[in-house]
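Novice: Before I ask anything, here is the structure I am working with.
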Amino acid sequence: MATDLRESWWGRHFEKVVVLATGLVFIASVVLWVAMRESRAEKREVIRGLIQQINDRKKATIEEVLTEEERRQLGLTKAPMTVAEFERRWAQLPPKWPSDVDFVWGIPTSGPPPPPVEKVVTPPKQILAVEEVQTAVGRGVTPEAVSRPLEKMAEQGLSDIAWVSCVGKFNLDLQLEEYLAGMGKVRVPPPIVITRVEMSRRELKPDGTWSDWEAVTGEGAKAALDKLPRRPENNRDVRAVFVWAKALWDMQQDVRRIPFVDLVARDPEGKWVLDIAGDIVGVERPAPRSVPEALAPAAAEPAPGAPPSPSAAPAAPTGEEWWPTELASPAAPIPGTEPSLVGPIEPQYTYAKVWAHDLSVRPGRTYQYRMRVSVFNPVYGKALCADEKMRWTPELVGEWSEPSAAVTIPRLVYFYFVGVFGDRATLELHRWIHGQWVIARSVTCRVGTPVVCSKPVPIKMPGSGKEVTETVDLSPGVLLVDMIRGFPYAPPGMRPIPTNVLVFSDTQGNLGQRIDWEDQKEANQHRQERESVVPGVVPATEKGG
């Protein structure tokens with residue numbers, strides 16, 4: 001018969017044993033937790049004490065260890081050496097010494113120099129376009145030879161000319177940033193050497209469309225243009241190319257702003273290049289924002305005994321530092337001043353004003369113009385240029401500007417419908433020639449025929465004042481188509497009055513009309529203004545440009 005477990009000792013005391021074991025485990029856990037907590041606290045106290053000892057320990061400095069004489073001998077009392085002073089001392093070293101000696105913490109040691117860290121340079125991605133092209137139209141008389149004169153006085157050596165002068169601005173700051181984007185940070189930024197200023201034009205055709213763009217051979221003062229150096233034929237002749245580029249750098253005023261031909265007379269009704277260029281003030285080379293201040297040239301040190309000048313700004317680079325030593329001319333003035341623009345411009349940018357002249361325009365025609373510049377390649381001849389073709393390309397050509405506003409060349413002959421004589425129209429003709437106006441006050445012509453008129457008149461030669469008789473052609477190039485008599489015309493603010501209307505056609509077949517009442521007033525006004533024009537010497541401020 002099985003034994004009843006409840007009657008055994010384990011059966012009677014099982015629950016008491018479990019409770020006792022549980023209590024023992026709990027007491028052991030509490031004791032262990034208290035013991036570990038006290039151990040961590042002791043460790044924290046030890047660490048805290050060590051930190052306090054370190055903070056309380058006084059560390060001796062060099063100034064406290066060395067004497068005044070020792071600090072002076074070590075050069076610790078001197079001001080830090082500037083970049084300019086370091087370069088000056090480096091240049092005074094024997095030529096072989098820098099190549100055979102390394103610098104290790106300022107102590108020269110023997111041994112071969114480490115290989116230089118080569119940095120590949122790239123040409124600028126773009127040469128910027130000229131901005132805000134404006135035009136000035138005029139005419140005058142020059143003693144210089146030009147390609148297409150309006151009239152030529154062979155005996156006097158004078159020519160009548162008409163011109164269009166284009167003026168634009170070139171952003172030097174942004175172009176310099178284009179340079180530095182491919183060259184990295186440099187102490188002396190490369191100069192922006194403009195080598196050419198070019199222009200092209202297109203002509204408005206009779207059907208209202210524009211012709212294709214064609215290049216314009218810019219003309220100017222022959223004496224100034226003859227001085228401009230020609231680019232060497234061999235692009236790999238590094239010395240010859242640098243001599244050419246340096247010569248252009250020294251002549252930037254004439255390269256950027258081509259001097260105008262000399263004039264002995266000028267039509268005051270036209271515009272001069274300075275009329276739209278504004279005042280010319282000096283503008284130095286841009287100080288690029290890409291060059292850090294630490295690499296910029298340091299300001300000159302004051303003379304011994306002179307008080308320091310904290311407000312003195314570091315001298316801006318002149319561009320002479322960039323050229324090879326044998327080509328640099330530090331004593332020379334900064335080449336070429338740049339004219340400022342009229343009106344507000346972006347103050348953070350430096351602009352170079354550029355202009356060129358077209359002396360081949362024809363009277364009565366309408367043109368549009370574009371401009372662009374070419375510059376000397378800043379990575380020309382550099383061994384680190386990855387693009388072999390660009391390495392030996394001396395000139396980089398810029399983008400064309402946006403087209404200028406359309407400009408119409410004034411006619412040489414103006415006609416005014418001033419009345420009716422029987423079945424003929426009475427005209428008054430004004431012709432500009434040799435710097436003065438020839439006026440025929442009463443010329444009659446039948447309807448259905450072209451207006452043709454020429455007569456001998458005394459002409460005063462510009463400059464000399466000598467009077468010669470010359471047969472002058474006053475034909476305006478129009479055909480009289482019809483004439484309407486008694487047309488009711490109401491001038492502004494007046495009642496209608498009977499007038500005569502003349503219908504005519506120009507050489508291109510375009511029809512026009514003139515009202516004698518309006519033309520009479522205009523003819524009287526222009527006659528008074530033009531009869532007072534006497535050819536004379538152009539003021540010195542208007543010569544050259």
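Novice: Taking the range 30-78 as the search range and keeping residues that are at pLDDT below 75 and small (G, A, S), which one is surrounded by the fewest Cβ atoms within 10 Å (Cβ to Cβ)?
Specialist: Selected residue: A60.
Novice: Please verify whether S464 is hydroxyl-bearing (S, T, Y) and open to solvent by 20 Å² or more (accessible area, probe 1.4 Å), treating the condition exactly as stated. I'd like the intermediate steps shown before the answer.
Specialist: Numbers: hydroxyl-bearing (S, T, Y): yes; open to solvent by 20 Å² or more (accessible area, probe 1.4 Å): yes.
Considered against the rule, which asks whether it is hydroxyl-bearing (S, T, Y) and open to solvent by 20 Å² or more (accessible area, probe 1.4 Å), S464 comes out as yes.
Novice: Filter the range 91-130 for residues that are at pLDDT 75 or above and surrounded by 10 or more Cβ atoms within 10 Å (Cβ to Cβ) and give the result.
Specialist: V120, V121, T122, P123, P124, Q126, I127, L128, A129, V130
Novice: Checking P476 against (1) modelled with pLDDT under 90; (2) open to solvent by 20 Å² or more (accessible area, probe 1.4 Å); (3) within 48 Å of the chain's Cα centre (by Cα): exactly one of these is not met. Which one?
Specialist: (1)
Novice: Restricting the first residue to the range 522-540 and requiring it to be at pLDDT 85 or above, which pairs with a second residue that is basic (K, R) meet a Cβ separation below 9 Å and a spacing of at least six or different chains?
Specialist: Listed by first residue and then by second, the contacts come to A523/R441; R527/R441.
Novice: I've got another one for you. Please find, within the range 164-186, the residue that is farthest from A356 (Cα to Cα) out of those that are open to solvent by 50 Å² or more (accessible area, probe 1.4 Å) and touching a Pro at 6+ places or on another chain (Cβ under 8 Å).
Specialist: Within the range 164-186, the match that is farthest from A356 (Cα to Cα) is K185.
Novice: Could you tell me how many of the residues in the range 210-256 are touching a strand residue (DSSP E or B) at 6+ places or on another chain (Cβ under 7 Å), within 16 Å of V354 (Cα to Cα) and assigned to a helix (DSSP H, G or I)?
Specialist: Matching residues across the range 210-256 total 4.
Novice: Given the criteria in a strand (DSSP E or B), open to solvent by 40 Å² or more (accessible area, probe 1.4 Å) and among the β-branched types (V, I, T), does T469 qualify?
Specialist: Yes: the conditions hold for T469.
Novice: Let me ask you something else. With respect to R239, determine if the residue is closer than 20 Å to N377 by Cα and out of contact with any Asp or Glu (no Cβ under 8 Å at 6 or more places or on another chain).
Specialist: Criteria met by R239.
Novice: Does the range 215-229 contain at least one residue that is open to solvent by 70 Å² or more (accessible area, probe 1.4 Å), within 22 Å of the chain's Cα centre (by Cα) and at pLDDT below 90?
Specialist: Yes, the conditions are met somewhere in the range 215-229.
Novice: If you go through the range 499-510, how many residues are on the phi < 0 side of the Ramachandran plot, under 44 Å from the mean Cα position of the chain (by Cα) and not acidic (D, E)?
Specialist: So the count comes out to 3.
Novice: What residue, among those in the range 479-488 that are open to solvent by 40 Å² or more (accessible area, probe 1.4 Å) and not acidic (D, E), is farthest from R446 (Cα to Cα)?
Specialist: Per the criteria, the residue is P488.
Novice: With (1) open to solvent by 90 Å² or more (accessible area, probe 1.4 Å); (2) at pLDDT below 85; (3) within 18 Å of R139 (Cα to Cα) as the list, and Q508 as the residue in question, which single condition is left unmet?
Specialist: (3)
The values are calculated or read from the model by the stated rules, or taken from the named source; none is laboratory data. Note that the structure is a prediction, hence the values are computed from the model and not measured. Neighbour counts are summed over all protein chains in view; Cβ atoms, including those assigned to glycine, are modelled from backbone coordinates with ideal geometry. Side chains included, ligands, DNA and RNA excluded: accessible areas come from the protein's heavy atoms. Shrake-Rupley method; radii C 1.70, N 1.55, O 1.52, S 1.80 Å.
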